[in-house]
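A.B. asks: Starting off with a structure, shown below.
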Amino acid sequence: MRRGLVLLVVCLVFVYGQTSHAADENKGLFVKYVPPKTGKPGARVGGGSRGAGAGGVRLVALVPDHTGFTSKPQPALCWHASKPLAAHVEITLNDDRSVAPLLEKQIAVPEKNGIQCVHLRDYGLMLKPGVEYQWFVAVVPDPVQRSKDIVSGGIISYAGPSKDLDNRVISSTGLETAAAYAEAGFWYDAVGILAEMHQARPDDNSLTEQMNSLLKQVGLSEVDGR
């Protein structure tokens, strides 16, 4: 009986410790982005809202105002929509070596507003190191008159991580991992991790604060990272 009680206490202490760790995970740590020294400036493309046909939605690709880097050949591409979308959505990916787009797909219309992401692995597409790719998300209210599209996007480039970053990522989780990527200049990895964490814990306001803080660092202060 006494042995069973001891085991129960040990289990409760372990569960409490895990819960406390999860609760404390976001305290005192804010993700700080350090832009890379290389990369094309002025790489962010518009967005915004346009006309009643688009329902007055504001569309913003979550990209820096320069070439953003990823350490993964199949990263997530994320954007923010201010309202639920009534029109269909397209994702396009180009490079400067190909005539036709590498990716041009209509995707399922998100059921709610906020941050949305697509993953290149879902399309069997892998980025090549050292190539700058342009990507765009478009809301298409009228497929016949594409001039009404709302378009936003940026430039992404794939570069393998250093051994130091690899070691830091292996020994970290959650926000620590996002912070490691951001400090190393890998914008898309940091945003992708925060977006994934927020999707798993949508009511965690501290994650919203983390995303908002990161977006403000690249001039996207108008986006509410929910």
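The values are calculated or read from the model by the stated rules, or taken from the named source; none is laboratory data. Just so you know, these numbers come straight off a predicted model, no measurement behind them. Methodologically, a virtual Cβ is constructed for each residue, glycine included, from the backbone with ideal geometry; neighbour enumeration extends over all protein chains shown.
A.B. asks: Considering only region 157-168, state which residues are in contact (Cβ under 8 Å) with a residue 12 or more places away in the chain and surrounded by fewer than 19 Cβ atoms within 10 Å (Cβ to Cβ).
C.D. replies: 159, 160, 162, 165, 168
A.B. asks: For residues in region 202-226 being in a loop (DSSP other than H, G, I, E, B) and polar (S, T, N, Q), which is nearest to residue 31 (Cα to Cα)?
C.D. replies: Looking at residues that are in a loop (DSSP other than H, G, I, E, B) and polar (S, T, N, Q), I get 217.
A.B. asks: List every residue pair whose Cβ atoms lie under 7 Å apart, where the two residues are 6 or more positions apart in sequence or sit on different chains, the first residue falls within region 189-200 and is without any contact (Cβ under 8 Å) to a residue 60 or more places away in the chain, and the second residue, located anywhere, is of a type in the set (Val, Ile, Thr) and in a helix (DSSP H, G or I).
C.D. replies: Final answer for the pair search is 193/177.
A.B. asks: Let me ask you something else. What residue, of 147, 172, is without any contact (Cβ under 8 Å) to a residue 40 or more places away in the chain and part of a helix (DSSP H, G or I)?
C.D. replies: Unique residue meeting the criteria: 147.
A.B. asks: Now for a different question. If you take the residues in region 66-108 that are part of a strand (DSSP E or B) and charged (D, E, K, R), which one is nearest to the chain's Cα centre (by Cα)?
C.D. replies: 90
A.B. asks: Could you please find all residues in region 151-161 being out of contact with any strand residue (DSSP E or B) (no Cβ under 7 Å at 6 or more places or on another chain) and either of a type in the set (Val, Ile, Thr) or more than 30 Å from residue 80 (Cβ to Cβ) (or both)?
C.D. replies: Once the filter is applied, which keeps residues that are out of contact with any strand residue (DSSP E or B) (no Cβ under 7 Å at 6 or more places or on another chain) and either of a type in the set (Val, Ile, Thr) or more than 30 Å from residue 80 (Cβ to Cβ) (or both), region 151-161 yields nothing.
A.B. asks: Considering each of 223, 144 in turn, give the residue that is modelled with pLDDT under 90, surrounded by fewer than 19 Cβ atoms within 10 Å (Cβ to Cβ) and hydrophobic (A, V, I, L, M, F, W, C).
C.D. replies: 144
A.B. asks: Please go through region 116-136 and give me each residue that is assigned to a strand (DSSP E or B) and loosely packed, with under 12 Cβ neighbours inside 10 Å, ordered by number.
C.D. replies: Scanning region 116-136 gives a single hit, 129.
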